[in-house]
Each structure stands twice: as C-alpha cells, then as structure tokens.
Amino acid sequence: MKIDKNNSSQNQCKDRRTMTSLTPSQIVAELDRFIIGHSEAKKAVAIALRNRWRRQQVPSPLREEILPKNILMIGPTGVGKTEIARRLSRLADAPFIKVEATKFTEVGYVGRDVEQIIRDLMEIAVSETKERNKLLFRKQAQSRAEAKILDILVGENASVETREKFKKMMESNQLEDKEIEIEVTEHAASQSFDIPGMPGSQIGMLSLSDVMNNALGINKTKKRTVTISEARQLVAKEESEKLIDKDKTVRDAIYAVEQNGIVFIDEIDKICAKNASRSGADISREGVQRDLLPLIEGCSVTTKYGTIKTDYILFIASGAFHVSKPSDLLPELQGRLPIRVELGNLSEDDFFRILMETESSLTKQYDALLKIEGVNLDFTEDGIKKIAEMAAIVNQNVENIGARRLHTIVEKLLEEISFTADQRSGESVAINAKYVEDKVGHLAIHKDLSKFIL
Ligand SMILES: Nc1ncnc2c1ncn2[C@@H]1O[C@H](COP(=O)(O)OP(=O)(O)OP(=O)(O)O)[C@@H](O)[C@H]1O
Ligand SMILES: [Mg+2]
C-alpha cells in the first residue's frame, strides 16, 4: 500500500478508499511467485479482487446493487488452497481473515458464534487503520517528541542559546546514549472472556479504577529512565496516539470491512453432514452452515465499534471434499458460493517446479537454516528431480498428501545433516540424485516403510 505522506484531508479521504489496484494479471503474477499451477483458481480470485476495485468506481445507486460473487475452492489436500489464501491476504490490502469452519463446531452445541468472524475482522481493520494513520502522522509525532525530549534535557528555564546548542547535538545524534527520565502512560491490558452459555459474547475485564480513570480522562503514568534513542520512540508513539482521530479511525475501519473485507473460510467440507441418519455431530455441523448463511447473504453484526453490514464482504470458502461433496452442503449455502474453482492434483513436474521456482521454496529454506551453522547445501537439478520423483511415488503408493509430501521427504533427506551440522561448519554437501537415492530411495520403494517414515 502506498501511503501519502502528505496529510491533507483530501488525501486522507483517498486513503480511506485505497485497496489494491493490481490488475488481474498482476495478481496472478504475484501468486505465481509462490504457488505453482492452479491457473483457474488464481484467475478466479484475481477477478474477484479486481471486481471489488471496479465496484468502487461505479457511481451510486448502482454500486449498492453490485454484490460480490463468492468463491468455493475445491481441491485435494496439500495442493495449495490455504497457501493461495495466505498469499492473497498479503496482496489484497484489505481487511482479511482466515477461519477454519470446524472451529465453530468444537465448543458446545453449535459452538462459537460465527458472528465473531466479523468482530475479529473489525479488530484487524481497526489496528491496520491505526497503523496506517500513524504513518501519516509519523513526521509530526517525531518532531513533537524531539521538542519534548529537549524540554526534559535542558529544563524549562534554559536560555535560548543552551536550547539551540542541545537541539543541534540531538539532531546530529550525539546524545543518543544519554539517559533521561520520562513519564510514560501505562495502558492496562484489558482482557476479555467468553460468557459461558453465550458463545461469542465477550465482556472485557476492567477494574473499577480503570473505568473511573478513563471516564475522568486520567491515565496512569510511570516514570522511566531511558536513553534518548529509546525516548524518541516511546514519546513519538504517545504523540502519534494523541494525533490520531480515534473516531475517524473507527469510521475508516468500518468502511474498509464493509466495502473491502475478505473472509476466507477454510475446511468448509468438514462441516458437511455426512449421512442421512444424523448424529449429534452432524446436526452441529449443519448448524454451523445455517449460521453462516445470513453472514454470507448479508446481515448486520453488532461489534463494539458499531454495526457492520456484511453484504459486500467477499467470502472465499475452501475444502478438500474427498469424503463429502459440495452438493452435501446445504442447498442455500451452495447457492451463495456461485463461483467454483477446482484445484487438481499436483504432478511430479509440479513438485519439481515447487522446489525449483517458488520464491521461498523448501530447498531455499533449508539452505538458509544450515548456512547459519556454516554448512552449504548444494541442491543439484538432478537431485531435485529425484526428490520430486520420490514424492510422486510415495503419494501414489501410500496416500496423496500433495506438496506436503515434499516436506516429509526433504526433512528425512536432511535429517543427518541437520543433526550434525554444528560439527560440520565449512562443509559443502551436494544434494544430487545419488544422495537422494541413498538416503530415501529404499524408504520410497517399500510401501510399509514409507507409510511410517515418509
Ligand atoms: N501449488 C503449490 N505451489 C507451491 N507450494 C505448494 C503448492 N501446493 C502446496 N504447496 C505447499 O504445500 C504445503 C501445504 O499446502 P496448503 O496448506 O495450501 O494445502 P491445502 O490445499 O490447504 O490442503 P488441506 O486441504 O489439507 O488444507 C504448504 O507448505 C504449501 O506451501
Ligand atoms: Mg488448507
């Protein structure tokens, strides 16, 4: 997100409306850096994201009529569904939350209130908006902090010359290690807990004195001795809190959630009722689906910041659906997830590319980890080919767990080096086809062994 340093009201208004303006092909290109294959799924989420931006340019009242088209991602385990969500959240530049649908069946009968998703999303938006606004006021807060520190340094009655002298010294960072005493506000961490029997409702735990102090505008302060460089940060933080308009922050956050919010519901297949003779668990699962309906359709959720309308929030649901089928979902819920994308199984070639091409591939991760011990891992191309081949074999013979198989294989492959790396500093180890064959080849071929080890 580009933040305008210039803090005119016009810019702030613009800021309130910013969201990613990446084009669909740019979004796909960004996802491609981390995820191999699944071009259809990437396209679908890219279009959905772009449509939100398009909708914002449409004048009212037609804009209000345009509702997001929610997405259902269907694909076997370990092919990158959650990964797409994770990467998308960084791109979206919009309030984003990922929840597991099963979370709502766990506690009690229907479990946690699904409306909590929107409350949590709102919390995320508020803290993001706060951070964004803090950036806008950073310069101002810094210069206020410097003036305050200078006051403490030279005292109130100092002559103009002395003040100037110290100011120069501060500006040239000569006093960074000098200690001063400052007063900092103590924020009592307010805790909250669920009210038993009323899932989702929360009450904050505040002591009576906190409530009184807040009502009277009294904040507890504490004296601390810190270096000037620390004081700069602490005081600037306090000053920026003062500069931020709290009401506007909340208004902006509500706008962001209502207009740009994205909710990713993972493991949605796990809340399908499995059979006709409904057990208690099935009823609970179906209950979660029923609870989700109004949320996805558009309803109002009360939060501590005010009421949030969910009409324009984009919902992306995803699930493996290897036991149940999308048609096992409540018909109403199916209807509310009109865009279906299927993610196919990953091939041996995909595994190769996942290891070779992705920006934070497993091979790069292990290489970086072992570099810390001074051991250099040299993955050769034929070595990586072999790993991909092994992964495909074990997935076929034992169980298809997608790219997660690469994790188990690479972990096993490097077990010995990982264990002894501290004594092998300076060594370089070639991970070639032979090495892979020697370390895990026998495990991959023997079905019984691979069942337990890989
Ligand atoms: N297509 C892919 N490209 C790159 N990495 C991938 C791909 N698919 C999976 N991975 C990697 O495999 C691991 C598991 O992927 P992920 O968590 O996205 O699976 P999933 O599809 O959500 O599976 P599940 O249905 O079990 O939740 C992650 O570490 C991810 O980075
Ligand atoms: Mg997942």
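The values are calculated or read from the model by the stated rules, or taken from the named source; none is laboratory data. Predicted, not measured: the structure shown is a model, and the values here were computed from it. Note: ideal-geometry Cβ built from the backbone for every residue, glycine included; neighbour counts use all protein chains shown.
Some notes on this structure:
- Flag for I124 being in contact with a Pro (Cβ under 6 Å, 6 or more places away or on another chain) and assigned to a helix (DSSP H, G or I): yes
- Only a single item in (1) at pLDDT 90 or above; (2) within 21 Å of K43 (Cα to Cα); (3) more than 16 Å from ligand 2 (Cβ to nearest atom); (4) crowded, with 20+ Cβ neighbours inside 10 Å is not met by Y312, and it is number (4).
- Verdict on Q396 being assigned by TED's automatic domain parsing to the domain that holds D448, in a helix (DSSP H, G or I) and under 18 Å from I453 (Cβ atoms): yes
- Criterion violated by R52 - all others in (1) more than 16 Å from ligand 1 (Cβ to nearest atom); (2) farther than 18 Å from F315 by Cβ; (3) buried (at least 16 other Cβ atoms within 10 Å of the Cβ) satisfied: (2)
- The residue of the range 412-432 that is farthest from ligand 2 (Cβ to nearest atom), among those that are under 28 Å from D350 (Cβ atoms) and out of contact with any Ser or Thr (no Cβ under 8 Å at 6 or more places or on another chain), is V429.
- Candidates P76, P59, P95, P24, filtered to the one that is near ligand 1 (Cβ under 10 Å from one of its atoms) and at pLDDT 90 or above: P76
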